[in-house]
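Please read the structure below before turning to the comments.
The values are calculated or read from the model by the stated rules, or taken from the named source; none is laboratory data. Since the structure is predicted, the reported quantities are computational estimates derived from the model, not experimental observations. In case anyone asks, the SASA skips ligands and DNA or RNA and just uses the protein heavy atoms, side chains included. Shrake-Rupley method; radii C 1.70, N 1.55, O 1.52, S 1.80 Å.
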Amino acid sequence: MMKWMAAMAFVGCANLAMAEIAPDALVKKTAEDVLAVVKQDKDIQAGNQSKIFALAEEKILPNFNFDRVSRLVLGKAWTKASPEQKQAFQDEFRSLLLRTYATALSKYRNQTIEYKPFRAQPGDTDVKVKTQILQPGGQPVAVDYSLEKNGEDWKVYDITIEGVSLVTNYRGQFSNEIRQGGLDSLIKKLAAKNQESNK
């Protein structure tokens, strides 16, 4: 359930790479754009994997700062990793996130997003956009997006759901694997999971 909520939250991050628009306006506009596609596309609602993956690939993943996310998730292991290991990890981690988002899109069932008042100072380059996912017949789920300005673009580097940071959550999972088998073992396990899901 938590994974699915996490993935639903990422839908709000679609198409954030537009300059000169406030981060909260970007989250709102692009979430509505993605959900509109899902609502109208019967193939996506029926679970068409190729369409779901294409939507997630085009609208969601380009708007993350994968370098920063990877550094935060791997912690000390990132600084010790070779360039080849860094690239291999990013490739597999990106595939993992793509599968997670695709699963969320296929399970969309009339959830709506409520946007909290946005608070930031002029010139801020690191901000938080607070929202709630409203579910028919369920409790609202608090979702906070952490974004940073990278050049002219805003990029997402973390999402916190009901007080739980996705970066912190993945870091805990991955650090256990790295302690037991090293970074190469983690990369192999992620690759195996991604391959299994593609069958």
Spelling out what I want: for every residue of the stretch 41-55, take phi, set θ = phi - 60°, compute 6.51 cos²θ - 1.76 cosθ + 1.60 (Karplus), and round to whole Hz; glycine and proline get x.
9, 5, 5, 5, 4, 7, x, 5, 4, 5, 5, 5, 5, 4, 5
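In whole percent, how big is the carbon plus sulfur part of the accessible area of the chain, probe 1.4 Å, protein atoms only?
Values: 5090 of 10400 Å².
In the chain, the share of accessible area belonging to carbon and sulfur is 49 percent.
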Using a Cα-Cα cut-off of under 28 Å, which lysines could be cross-linked to Lys149, ignoring same-chain neighbours fewer than 8 residues away?
Lys3, Lys28, Lys29, Lys59, Lys76, Lys80, Lys86, Lys116, Lys128, Lys130
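For the stretch 25-140, just say rounded, prolate or oblate: build the C-alpha gyration tensor, square-root its eigenvalues into a ≥ b ≥ c, call rounded for a/c under 1.5, and beyond that prolate if a/b exceeds b/c, oblate if not.
Oblate, since a/c reaches 1.5 and b/c is not below a/b.
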From the C-alpha gyration tensor of the stretch 113-199, square roots of 5λ in Å
31, 20, 13
Using θ = phi - 60° and Karplus 6.51 cos²θ - 1.76 cosθ + 1.60, couplings along the stretch 181-196 (whole Hz; Gly, Pro as x)
x, x, 5, 4, 5, 4, 4, 5, 5, 4, 4, 5, 5, 5, 5, 4
With a 1.4 Å probe and every protein chain left in place, work out the accessible area per residue of the chain in Å², rounded to a whole number.
52 Å²
Amide H contacts under 5 Å for Phe118, restricted to residues at least 5 apart in sequence or on another chain and with H modeled in the peptide plane, are none
Can you tell me the length gained on complete extension of the stretch Asp43 to Asn176, counting 0.36 nm per residue apart and subtracting the Cα distance?
44.0 nm
Rounded if a/c under 1.5, otherwise prolate or oblate - the chain, Cα gyration tensor axes:
oblate
